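The values are calculated or read from the model by the stated rules, or taken from the named source; none is laboratory data. The model shown is predicted, which means the values in this text are computed figures rather than measured ones. Note: ideal-geometry Cβ built from the backbone for every residue, glycine included; neighbour counts use all protein chains shown. Side chains are part of the model used for accessible areas, which takes the heavy atoms of the whole protein and leaves out ligands, DNA and RNA. Shrake-Rupley method; radii C 1.70, N 1.55, O 1.52, S 1.80 Å.
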Amino acid sequence: PGHGGKDTGTRGAHINEKDVNLKIALKAGELLRQKGIEVEYTRATDIYLELTKDRDEISEIANRLNPGLFVSIHANGVPGNSAAQGTETYYYAPVDNDLLFLQYEERKSLAENLQRQLVAKLKRPNRGVKQNSYWVLKNTTMPSALVEVAFLSNPEEESLLQQEYFLDLAAQAIAEGIAAYMGK
């Protein structure tokens, strides 16, 4: 789950991104465990992990655990733009980084599987699969993706992100996207 502790992430009118991310991640992890897939978290409570130009504690934890894949869970936001909506998923595998570029197909496939499931389950606009050099994508050494479930800056989507059924759907989509990527 992205953000945590003093880092609230995007703030909606009524909720903080860090809280939404944690709820979805814990639910997705439980669903994956039910499928027999081992799960580790970079955080399982509301703690702060340093993410600065000098230190990326999230990627450090992920790399130390050395999992088969890494998924960072987020809720989107565009300050001053309440019309932005939908789901998007990111990966990063630039040609000028040999380690990441060698994982191009895996990283892209993971992102596509996640996006496909999120769009199908959440019924939000499909903003697509994109590349971006987010810290956790460029600093993790395994296939990785970052999901943006919905927009906290959009009142309709913020309302959805406050509903347990919607968080359950997001968790199901992420778990099924991971399982599909893994061929399970």
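Figures for the structure shown
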{"quantity": "Contacts under 6 angstrom Cβ, first residue in the stretch 142-156 being at pLDDT 95 or above and among the aromatic types (Phe, Trp, Tyr), partner in a strand (DSSP E or B) and buried (at least 22 other Cβ atoms within 10 Å of the Cβ), 6 or more apart", "calculated": "151/76"}
{"quantity": "Residue in the stretch 2-15 that is in contact (Cβ under 8 Å) with a residue 60 or more places away in the chain, under 18 Å from residue 175 (Cβ atoms) and in contact with a Gly (Cβ under 7 Å, 6 or more places away or on another chain) present", "calculated": "yes"}
{"quantity": "The stretch 1-25 - residue that is part of a helix (DSSP H, G or I) and basic (Lys, Arg) and, of those, surrounded by the fewest Cβ atoms within 10 Å (Cβ to Cβ)", "calculated": "23"}
{"quantity": "Filtered residue count, the stretch 31-44, keeping only those that are touching a residue at least 40 places away in the same chain (Cβ under 8 Å) and under 18 Å from residue 3 (Cβ atoms)", "calculated": "3"}
{"quantity": "Of the criteria (1) open to solvent by less than 20 Å² (accessible area, probe 1.4 Å); (2) closer than 19 Å to residue 168 by Cβ; (3) of a type outside the set (Ser, Thr, Tyr), which one residue 93 fails", "calculated": "(2)"}
